[in-house]
Structures are given as C-alpha cells and as structure tokens.
Amino acid sequence: MESPPPVRALWFQDGALWALDQRRLPGSVHAVRLSRVEEVAHAIRTLTVRGAPTIGVAGAYGMVLAHQEGRLGSREAADLLRSTRPTAHDLFVGIDTVRRAWDAGEDVLAAAHHYREEVVGECHAIGRAGASLIRAGARILTHCNAGALATVEWGTALAPVRVAFREGRDPFVWVDETRPLLQGSRLTAWELSQEGIRHAVIVDNAAGHFLQRREVDLVIVGADRITLSGDFANKIGTYEKAVVAKENGIPFYVAAPWSTFDPERHHGEEIPVEERGAGEVLQWESVRTAPSESSARNPAFDVTPARYVTAFITPEGVVPPPDIPDLLKRNGKGPSGRDASRADASP
Ligand code: MRU
C-alpha cells in the first residue's frame, strides 16, 4: 500500500475519540478529545469534524462512546448522532454499522475500527483507479476538501492526485477556496502543502474563467450522497463547476467510497440538503462583513445532475453514471445490501 499522507483526521485512543479541530486549521494544528457521544454530535454539527466519510467514522465511534457510557440506548444514541447533519449518506452508514453490532451484542469498538479500515482501504482503491486519469503535469480543479481530513486519511478526490504525485507525474491542483467556510483554501491547500504537491488557491468565482481558458484538464470532486441515477450532492458551488466544465468539454469526475452511495434514492430531488446558519455568510469569525440589516441563505450543498458527470471514481474502478445500479448490486451495496435496511434509512 502507498505511504500514508502526513495527515489523519481522527483516531480512537484510551477510550476517547481524538479529532483534528478542522475549524482551526491551518493556523493551529490542534486535536480535541471527545469522550461523550454528545461531544461527538457537537463536533460534527460545528464542522470541527467534517467531510462525508470522516463524519461517518466519527458517527461510528460516537456510538462506541455511547455504549461505553451506558446512559443511552442504541436507538437514542443513533438518533442523536443522526440529527447532526442530513446530507452525507456516510454518516448514517457509520452510525448504523455500529448500531447493528450493539444490538447483536457484538464488540462495538471492533465494529468501528473495522468500518474505519474499510473506508481507508476504499480510498486507497479510489486513488489507484483514478490515477490513470491523470497524465504527467495534469491540472486538476477540485472544490471543497475531499482529502485526508474528509476521509480519516488519504482522501477521495485527492487520492488519485496523491498516487499520481507519488508516481512522479507532478500534478497541479486548482483549489477553489470554497465559501463560506473556506474548506478549499484552509484545508485542501494545507494538505497539498504538507506533501509538496503544486497548487494554487482561486476564489470560487474564478473556476469558470480557468475552465474556459483550458487551464484545467479535468475536475475531480468528492460527494456527500450519490443516488442510483448518478445525481449527487456535494459542497455548494459544485453544480456550477460541473455545468461550466461540460460547456467547455472538460471531463468531470466524482470520487467516492461505497458509503456515499445511497441505494434507497433514485434522483437528486430526494437528497436532503442541509441549510446552515446565516452567520457563516454574514460574518467571518466574529467580524460582521455584511450590513447588520442583511439576512442570508446558506445551503451547505447543491445537487448536480448525472448528465454533467463523466464518471465516478469508485473502489472498483471508473464507471459512468448509468452503471451505478449494477455496480452497487455486484458489490452487495444495492437496495437489499448491507446499507439499505428501511429501518435504518437516513432522512
Ligand atoms: O460541509 P463539509 O465541509 O462537511 O462538506 C464536505 C464536502 O462537501 C466534501 O466535498 C464531501 O464531503 C466529500 S469528502 C470526501
């Protein structure tokens, strides 16, 4: 397996979950200790811990902490964690994986560790599959952060970039800054800097400019939820990038592990889109940047129709949208597979 990137989003140690505080990066590299399920829920809600696969793993360990504490039943603990963020399918898969072990009287910590290892292993497979799309010196546009911080380690959209880099193909990454919380300029640029991968931060509104000028060879983004039709949710602004990429004939790829695929939803309109507080738009940290009279809307995600997706980069290879139902069935992830029980269905 490839050498790991020098970043790990979270780890379980001495009966507690430790997580890099992603609100404070890159200014401060600081880990928080989470010893109660309520603290894990708060960390997910506040984006201390973020990125779809990472919050799935955090949800899994949150269940372990609830089990250790013994104050809540499995349903109450799961409901608490499920209420934190609605869009990322991974969150529900992580929680439900450990809940099943809890209800069956099995070792919940082993279940959470196993789930984390699966996610990390799938990200490595995504890296190997996607690296074939990156030729020497390729310029890749990405949005938000779909690196190690968002997936525990390694990444989804950044995984093929890391493999291409290790193979000496010297990729270059255009990093959308990703308003309003700057996951691109704070987190993706930080991860790339840690490894010495060439990149430049651009304001979100500049992506179309570089796509139009053919200064981007391909786009790779992550996802929070992918439906059977291939419509998918990702960080707000992804839809615009996909439309402009297609308009300019530039391939657009979506990299994701199995937990991001929702076998119960067929189309994008069925995806719950999180709307966050106006404060994230109207102020930066404690400094108000808009007039005190102004209100705001703050959808955290948007939904991109499958017709804009060239292919999905999955643990099993690069597949076009129409192949998703078969792909999931073959891998035991279809509507009757591991993640699909109606009782556990996400909102
Ligand atoms: O609100 P965030 O920072 O959790 O949003 C994260 C994203 O949109 C990522 O692109 C997505 O979770 C994919 S992570 C591999």
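The values are calculated or read from the model by the stated rules, or taken from the named source; none is laboratory data. Just so it is clear, the structure is predicted and the values come from calculations on it, not from any experiment. Virtual Cβ from ideal backbone geometry, glycine too; neighbours counted across all protein chains shown. Keep in mind that these areas ignore ligands, DNA and RNA; they rest on the heavy atoms of the full protein, side chains included. Shrake-Rupley method; radii C 1.70, N 1.55, O 1.52, S 1.80 Å.
Laid out as a table, the results:
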quantity	calculated
In region 1-30, the residues that are surrounded by 15 or more Cβ atoms within 10 Å (Cβ to Cβ) and outside any loop (DSSP other than H, G, I, E, B)	L10, W11, F12, A16, L17, W18, A19, L20
Some residue of region 190-206 being within 13 Å of the ligand (Cβ to nearest atom), under 18 Å from the mean Cα position of the chain (by Cα), outside the structural domain of R50 (by TED's automatic domain parsing) and touching a residue at least 12 places away in the same chain (Cβ under 8 Å)	yes
Any hit, region 182-192, residues being open to solvent by less than 30 Å² (accessible area, probe 1.4 Å), among the acidic types (D, E) and at pLDDT 95 or above	yes
Check on R128, within 23 Å of V319 (Cβ to Cβ), within 19 Å of the chain's Cα centre (by Cα) and surrounded by 24 or more Cβ atoms within 10 Å (Cβ to Cβ)	no
Filtered residue count, region 217-232, keeping only those that are assigned to a loop (DSSP other than H, G, I, E, B) and surrounded by fewer than 24 Cβ atoms within 10 Å (Cβ to Cβ)	4
Wholly within region 51-162, helices (runs of 4 or more DSSP H) carrying at least 3 residues that are within 16 Å of the ligand (Cβ to nearest atom) and closer than 28 Å to G268 by Cβ	52-69, 89-103, 108-131, 148-151
Qualifying position, being under 24 Å from R23 (Cα atoms), within 10 Å of the ligand (Cβ to nearest atom), among the charged types (D, E, K, R) and in contact with an Asp or Glu (Cβ under 8 Å, 6 or more places away or on another chain), among R179, R225	R225
Scope region 241-287; condition touching a residue at least 40 places away in the same chain (Cβ under 8 Å), acidic (D, E) and within 14 Å of the ligand (Cβ to nearest atom); matching residues	D262, E274, E280
Subset of region 93-125 (residues that are crowded, with 24+ Cβ neighbours inside 10 Å and among the hydrophobic types (A, V, I, L, M, F, W, C))	V93, I95, V98, V108, A112, V119, C123
Qualifying position, being closer than 22 Å to A110 by Cβ, within 15 Å of the chain's Cα centre (by Cα) and free of Cβ contacts under 8 Å to residues at least 60 places away in the same chain, among V64, V49, V57	V49
